[in-house]
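Have a look at the structure below before the remarks.
Bear in mind these aren't lab numbers, they're just calculated from the coordinates by the rules spelled out. None of these values were measured; they are calculated from a predicted model. Ideal geometry is used to build each Cβ from the backbone, glycine not excepted, and the neighbour counts take in all protein chains shown.
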Amino acid sequence: MRAPFHYAILASQLERLRSEARRRRLRLVEGVAFVADGESFHLFHEKPSFPCAGLPLPCFFVIAEASDLSGSLMEKLEAMGARPESPVLVLSPAGTAEPFAFPAGSPQERFPVSVLSPEKDLASRGGAILEGGLLREKKVLIVGLGSFGSVAAVELAKSGVGHFVLADNDRLEPGNLCRHACSVADVGRRKTLAVRDLVLARNPDAQVETFEGDVNVEGTWLRQAARECDLILCMTGTARSRFNVNAACVGAGRSAIYARAVTRAEGGDVFRYRPGGPCLACLFSGGGVPGAPEVSSARDAAEAAADYAPPGYAESLVQPGLANDIAPLVGMAVKLSLLELAPKDQPLWRKLGEDLEAPFYVWANRREGLYEEYPPLGYNFNKSAILRWYGVRVARDSSCLACGLG
């Protein structure tokens, strides 16, 4: 027998196939397999919701007990266009036996099939922290799908969040690749659609909506989306969009997480808004946000440069930091997001809520710019230094126009 092949199919497709076979009395179903590296086969009888690795190849699903297989089946497969290497998956109608697969040209060779169930797979590794299915019904709006938003979307998908609304009106450019979760294969694509594919590649059963409009212009859409979601992540690089998201979240009574890097990602901060607490406008009015936002794209540069700036000045402003520099900021934003989404009655999350009670967190990557006077990390654990998180109190502004306390 040759070296073992690896066959895999999504549990959701397997169950739908079995149900359809019983309803329509099907015995043989055509499908498509994607073959990677000549030995790994992913089988589908419905169009997959995510891009697949490898080249397509016809495959077939036989709904029968193993003992019912006969020579006439092979003749029928050949008549339907099966190639010698085409995978054939045998599925017990009543689920009484494990599915197995074989190459059409070698029916005597039988290989086990991995049934992929993202929800169960997530639970098997993270069950002690997030019980399986805990976040399946949660809906998250992510505004801005650059280096922050794209990574946050993938991490939340891996954590089990089941519903996403992805908003961005930009396309992926070559210069984004050094930090973005997407790859060179996605250059030129809408960021919303490229990140949607990343989410579905982690959880094919997730529900993903996309919006390619400008939230600064489409205020009605933004306010409605905020009302329909459990949490909003604002990962944009401009103050205007962040304040518009803030107003929508305050109006909808929804929690929000804001994350950003400052100049050249020398550091950054993460802010959490909870209904009834200080909002992003309170933070700014209280003078709690030092440092200019990082300019990481030509669009950001165009907005940051004054109208009278000399030619080429805007491009000179584009100085993004490294992916390694923004990783702690995105990680904190995701942790705060999970804290908002998870039930508060579990001991682990209750303790984490006690640890992360501050609304505002500051991080310094390097002793540069704003953080030039910080001491080195060294060996001290009881003094301020770079590469540490600092929780900051923020007072609610009694005259804040966004919160409406005035």
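A few remarks follow.
- Averaging Cα coordinates gives a centre for the range 363-384 and one for the range 257-284; these two points are 20 Å apart.
- The calculated FRET efficiency for the pair S106 and D197, based on their C-beta separation and a Förster distance of 60 Å, comes to about 0.95.
- Burial order of peptide ranges 328-341, 176-189, 358-371 (average beta-carbon count within 10 Å, highest first): 328-341, 358-371, 176-189
- Arranged from fewest to most other beta-carbon atoms within 10 Å of their beta carbon, L89, L401 become L401, L89.
- Burial ranking of peptide ranges 164-171, 377-384, 211-218 (average Cβ count within 10 Å, highest at the top): 164-171, 211-218, 377-384
- Ratio of Rg to Rh for the chain: 1.07 [Cα atoms; Kirkwood radius as inverse mean 1/r over pairs].
- Lys-Lys pairs in the chain that are eight or more residues apart or on separate chains and whose Cα atoms lie under 23 Å of each other come to 23.
- Taking the Cα centre of the range 21-122 as reference, the dipole from Cβ charges on Lys and Arg (+1) and Asp and Glu (-1) amounts to some 500 debye.
- The range 1-126: translational diffusion in µm²/s, Stokes-Einstein, Kirkwood Rh over Cα pairs, 4 °C, 1.567 mPa s: 87
- Using R0 = 25 Å, the C-beta based FRET efficiency linking E173 and D37 works out to 0.25.
- Our summary of shape: the Cα atoms of the range 366-406 have principal axis extents of 46, 22, 12 Å, ordered from largest down, in whole angstrom.
- For the range 6-116, the relative contact order comes to 29 percent (Cα pairs under 8 Å, sequence separation of at least 6).
- Protection proxy ranking, highest mean first, for peptides 43-49, 278-284: 278-284, 43-49, where packing is the per-residue count of other beta-carbon atoms within 10 Å, averaged.
- Förster radius 35 Å - calculated FRET efficiency between E228 and R24, Cβ distance, rounded to 0.05: 0.45
- Backbone N under 18 Å from the H6 label point (7 Å along Cα→Cβ), restricted to the range 184-211: 201-204
- Taking Cα atoms only, the orientation of helix 323-341 departs from the longest principal axis of the chain by about 80 degrees.
- Degrees separating the helix 147-158 axis from the principal Cα axis of the chain, which is the longest one: 50
- With Cα atoms, 0 to 90° folded angle of helix 239-252 axis to the chain main axis: 70
- Rounded to the nearest 5, the antiparallel percentage of DSSP beta bridges internal to the chain is 55%.
- Put a plus charge on the Cβ of each Lys and Arg, a minus charge on the Cβ of each Asp and Glu, and nothing anywhere else: the dipole of the chain about its Cα centre is then about 780 debye.
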